[in-house]
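One structure, pasted below without further comment.
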Amino acid sequence: NLSQNHNVVYLRRFRELQCLNVAGNPFAEGDYKSYVVAHLPSITYLDFRLVSSHMREEAITQYQDAIDVIEHNERDEQKKSEKEKARITEEKELREAFVDGLMGGQLFDDLFFEDVDGPKLNQLPQMVEAFELYKSKFCKICEELVSFGLKEGQNREKERSMFLAAVNKAKEADKAQGVAVINEFLAYKKKVLTELGQVSDARVIDAKISELQEELNTVWDTLMGYELQLAEQLEEVNKDFERTMSDMSGTFTETVQNYFTQCRELELLHHDKLTETALLIMEKVVKNELEEELPEDLRLLFVDKDTITNAVNTSHDLHNQRIDNKEDDIVTRVGNGKESYNALISEGEVQRNRHRVAEINHFLENIRDELEQYEHLDR
């Protein structure tokens, strides 16, 4: 039920809308058709009547200013939507590569999330340049880690694709030879049963049915042999894949740990610099030789040596904890991701094998039932 004009504008999102009947709606009074046609460019039929090109041109001219505003807003929304989709895609890619939370200085900013005194101390005139250098080097390490992670993620995906291609190729080959055996047997069965339709001797019929049943047993043995062969082949392929992924995960984890070691070394260097600077300032405060005036919140930290030392050490401990947590998060997710994918492959193969065995048995049971019914009919 369209009660107002903006309800019609809402329909613009349905870009394939060609037929619309609005007669009888509350807003459908006066020159409503021009409004609808102007605002819904995809409409071909309105109220069961063809929209002429002349009517469309006049309607657009009449509402041109309003349409320009709407189209401008739609373009803005489209840009926002595309930007959001790109952001979501990037986040997904980073998460799957185990390097999310590292872009754009995210980890560096996270170091100071619960650090109350660190940001104040790093604003000391003697520390501003050192802090910026620390931040620059820290973020560079994170950027290198992200680039490495994305590249390794692509390598893992390539390895998975090759693995799945090999598995599918083996399955298709098994399916082809299984279908060939079944088709050959069905052709043979059809030939025998056709011949039996012209035979009345019960002994001949029983003998032919027995031959069919023996041939059916041979088919069963052959199909089960194929399945056993495929299962062994896939087991070997799965093991090779698991070894490859385990090696890749190990190399990735080791490299990640090396990057985080660099982060900790940078943090330690900065901590030593901050400690040295803070103690020098503390000494000047004690001797009343400090030339610059400290802000109130900083002066409270320089009441004595223990207070300023505790503030600097607490900041350092918090930073190391954040670095350690992020490293542990990545290493844990890499291990869990590998194990869960391997488990998924293993469970998938078990289910495939069970389904295939059941499928073979079901096929043979149907054939046996058919042959038994034929025997009963004959008698």
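The values are calculated or read from the model by the stated rules, or taken from the named source; none is laboratory data. Just so we're clear, the structure is a prediction, and the values are computed from it rather than from any experiment. Every residue, glycine as well, gets a Cβ built from its backbone with ideal geometry; the counts of neighbours run over all protein chains shown. Ligands, DNA and RNA are excluded from the accessible area calculation, which covers all protein heavy atoms including side chains. Shrake-Rupley method; radii C 1.70, N 1.55, O 1.52, S 1.80 Å.
Restricting attention to region 161-171, does a residue exist that is charged (D, E, K, R), in a helix (DSSP H, G or I), touching a residue at least 12 places away in the same chain (Cβ under 8 Å) and open to solvent by 50 Å² or more (accessible area, probe 1.4 Å)?
yes
Could you check region 177-190 and list, in sequence order, the residues that are open to solvent by less than 60 Å² (accessible area, probe 1.4 Å), hydrophobic (A, V, I, L, M, F, W, C) and within 40 Å of the chain's Cα centre (by Cα)?
Correct list: ALA180 only.
Identify the single condition in (1) in contact with a Gly (Cβ under 6 Å, 6 or more places away or on another chain); (2) open to solvent by 50 Å² or more (accessible area, probe 1.4 Å) that ALA97 does not satisfy, given that it satisfies every other one.
The failed condition is (2).
Residues that are touching a residue at least 40 places away in the same chain (Cβ under 8 Å) and under 38 Å from the mean Cα position of the chain (by Cα): which helices (runs of 4 or more DSSP H) entirely in region 24-97 hold 3 or more of them?
Counting at least 3 such residues, we get 64-96.
Still on this structure, please answer the following. Residues of region 1-26 being out of contact with any Phe, Trp or Tyr (no Cβ under 8 Å at 6 or more places or on another chain) and more than 27 Å from ARG75 (Cα to Cα), which ones?
ASN1, ALA23, GLY24, ASN25, PRO26, listed by residue number.
When you check ASP206 against the structure, is it within 18 Å of GLN373 (Cβ to Cβ) and either assigned to a helix (DSSP H, G or I) or of a type in the set (Asp, Glu) (or both), yes or no?
Values: within 18 Å of GLN373 (Cβ to Cβ): yes; either assigned to a helix (DSSP H, G or I) or of a type in the set (Asp, Glu) (or both): yes.
It is true that ASP206 is within 18 Å of GLN373 (Cβ to Cβ) and either assigned to a helix (DSSP H, G or I) or of a type in the set (Asp, Glu) (or both).
How many of the residues making up region 124-160 are under 30 Å from LEU294 (Cβ atoms), free of Cβ contacts under 8 Å to residues at least 12 places away in the same chain and either among the polar types (S, T, N, Q) or open to solvent by less than 30 Å² (accessible area, probe 1.4 Å) (or both)?
Result for region 124-160: 1.
Can I ask one more? Just give me the residues in region 191-223 being surrounded by fewer than 11 Cβ atoms within 10 Å (Cβ to Cβ), at pLDDT 85 or above and either closer than 17 Å to GLU365 by Cα or hydroxyl-bearing (Ser, Thr, Tyr) (or both), in sequence order.
Residues satisfying the conditions are THR194, GLU214, ASP221.
Now, a different point. Which of (1) part of a loop (DSSP other than H, G, I, E, B); (2) at pLDDT 95 or above does GLU289 not meet, given it meets every other one?
(2)
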